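Beneath this line is the structure, given in structure tokens, with notes to follow.
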Amino acid sequence: MNHVKWAFAILTVIVSVSLFSEYMLKRQCNELTEMLYELKDAAEKGDDESVEKLCDTVNDKWDKVEKMITYTVPMDRISQAEQSICRLKPLFMSDSDEFGAEIMTATVICSKICG
């Protein structure tokens, strides 16, 4: 009977850690998506200083999120999101017309990863 109690305790710990990890991943990913929406709003308003800071913040946030999602998300989705997010600042600095579209692409990809 003692082995059953230990097995149940271990199972409870594993399930708890899994649920907590999923919750944290969704939270981090949703924060990233919100930042991308803020970036889009700042770009539409023409606030270049905020856009540049938000591009850096989004890249930093992506680095944190990427470490967590590599265990649960297929690599092709991660690569798509990474390419899109990494292109944001260079597109902004070059004043490219693609900047707005790339923000929306990154937002859609990140929201798919979250959901």
Any chance SER50 is farther than 17 Å from SER111 by Cα, in a helix (DSSP H, G or I) and either among the small types (Gly, Ala, Ser) or touching a Ser or Thr at 6+ places or on another chain (Cβ under 8 Å) (or both): yes
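How many residues are open to solvent by 90 Å² or more (accessible area, probe 1.4 Å) and acidic (Asp, Glu) if we restrict to the range 76-90?
So the answer is 1.
Residues are listed down the side, and each one gets a yes or a no for (1) among the charged types (D, E, K, R); (2) on the phi > 0 side of the Ramachandran plot; (3) modelled with pLDDT under 90:
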| site | (1), (2), (3) |
| --- | --- |
| LYS45 | yes, no, yes |
| SER50 | no, no, yes |
| ASP56 | yes, no, no |
| ASN59 | no, no, no |
Just a yes or no: is a residue in the range 32-45 open to solvent by 90 Å² or more (accessible area, probe 1.4 Å), outside any helix (DSSP H, G or I) and out of contact with any strand residue (DSSP E or B) (no Cβ under 9 Å at 6 or more places or on another chain)? no
Within the range 59-75, count every residue that is touching a helix residue (DSSP H, G or I) at 6+ places or on another chain (Cβ under 6 Å) and open to solvent by 40 Å² or more (accessible area, probe 1.4 Å). 1
Being among the small types (Gly, Ala, Ser), within 30 Å of LEU19 (Cβ to Cβ) and touching a residue at least 40 places away in the same chain (Cβ under 8 Å), is that true of even one residue in the range 68-91? no
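The values are calculated or read from the model by the stated rules, or taken from the named source; none is laboratory data. Everything quoted here is computed from the prediction, not taken from an experiment. When we count neighbours, we look across all protein chains shown, and the Cβ atoms used for this are built from the backbone with ideal geometry, even at glycine. These area figures cover heavy atoms from the full protein model, side chains too; ligands, DNA and RNA do not enter into them. Shrake-Rupley method; radii C 1.70, N 1.55, O 1.52, S 1.80 Å.
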